1. Give me the pairs: first residue in the range 265-285 and over 20 Å from residue 12 (Cα atoms) and free of Cβ contacts under 8 Å to residues at least 60 places away in the same chain, second residue surrounded by 12 or more Cβ atoms within 10 Å (Cβ to Cβ) and among the small types (Gly, Ala, Ser), beta-carbon distance under 6 Å, and six or more apart or on different chains, which are they?
2. Determine whether residue 166 is more than 14 Å from the chain's Cα centre (by Cα), in the same structural domain as residue 36 (by TED's automatic domain parsing) and free of Cβ contacts under 8 Å to residues at least 60 places away in the same chain.
3. Within the range 66-76, work out how many residues are in a loop (DSSP other than H, G, I, E, B) and either touching a residue at least 12 places away in the same chain (Cβ under 8 Å) or touching a Phe, Trp or Tyr at 6+ places or on another chain (Cβ under 6 Å) (or both).
4. Please determine, by comparing only the residues of the range 77-105 that are of a type in the set (Gly, Ala, Ser) and assigned to a loop (DSSP other than H, G, I, E, B), which one is surrounded by the most Cβ atoms within 10 Å (Cβ to Cβ).
5. Which members of the range 50-76 meet the condition of being over 17 Å from residue 135 (Cβ atoms) and either surrounded by 13 or more Cβ atoms within 10 Å (Cβ to Cβ) or among the aromatic types (Phe, Trp, Tyr) (or both)?
6. Of these, 33, 60, which one is of a type in the set (Lys, Arg) and farther than 23 Å from residue 157 by Cα?
7. Restrict the check to the range 124-140 and report whether at least one residue is assigned to a strand (DSSP E or B), buried (at least 19 other Cβ atoms within 10 Å of the Cβ) and within 18 Å of the chain's Cα centre (by Cα).
Amino acid sequence: MNAVAKPHRDTIVVEDAEVLSTTAHAGDQHVIRLRAPEIARRARPGAFVHLRCAPTLAMRRPMSIMLVDATQGTFDVLFKAHGAGTAELAARKVGETLSVMGPIGLPFKLDGYRPRPLLIGGGVGIPPMVYLSDHLRRIKGVSPFVVMGSEVPFPFRAQPSRIMVAGMPEGVIGAMPLLEDWGIPSRLASRQGYPGCFEGLVTELAAHWVDALGAAAREDIEIFACGPTPMLKAVQAFAARYGLPAQLSLEEYMACAVGGCAGCTVRVNLPGGPAMKRVCVDGPVFDASVVVFD
């Protein structure tokens, strides 16, 4: 029997991407901007790329897309240098080329949003929330709120927000400058004592906002999240507690990124019973209600 076709797999191309810029941030974090016009044209919020960090390295690394300029044919990725491959990537120079495969995976929903999307990003899960914010700001009648958490310095210089947000504890005014420029309110959470940040978990900060809006307004909220597994598990529980729909972009180690090796599987509960799904091509975005966290 032939396998059922997966339309999103037809989006994947392999392209030689030119390095346009590299920016280093505290905590050994880096942003690299690549020119790959076909990937930029096909990309959607929540998709990722699988790139070769250096010509001498055979294994690729999965990277979330943070920003896309389809007109210029460029996209940005944020990563932390914590191994040989990502250290090589951090050493790439402007003008060099990297082999990139993408965009890969099912994205976040692209329409039909509730009026108050709540975006939650943690650590290297921040980039998809930036990309989704860029998408949402262009949709009339949608007013997102973004919560970001990190236990290392944020990959941007936080600034006091000019945008009022309901329910924020006193002194919680730190925001991402790019989102401020877009008119999207954001707040930051960390347990490292960073100025202007909420001292606690992203879900605890999000709860202040949801509680301040009241029960009636919860019908307008839906959650989108990406981050480490413990954070996503907490978001899943948070969404269930408040009865809110949620989509989670999962993070998993992967080798091929196109579904062949099945090394990135996750357990899900579907109407037909339990199943194993591959994060790379069946995700990375899943409905929070079906994911089974060990």
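The values are calculated or read from the model by the stated rules, or taken from the named source; none is laboratory data. Computed from a predicted structure; not experimentally measured. Counting neighbours? That spans all protein chains shown, and the Cβs are built from the backbone with ideal geometry, glycine included.
1. Sorted first by the residue in the range 265-285, then by its partner, the pairs are 268/275.
2. no
3. Here the count works out to 3.
4. The residue in question is 105.
5. 50, 51, 52, 53, 54, 57, 60, 61, 62, 63, 73
6. Within the list 33, 60, the selection yields 60.
7. no
Condition check ((1) within 30 Å of residue 52 (Cα to Cα); (2) not in a strand (DSSP E or B)) across all residues:
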| site | (1), (2) |
| --- | --- |
| 207 | no, yes |
| 224 | yes, no |
| 263 | yes, yes |
| 285 | yes, no |
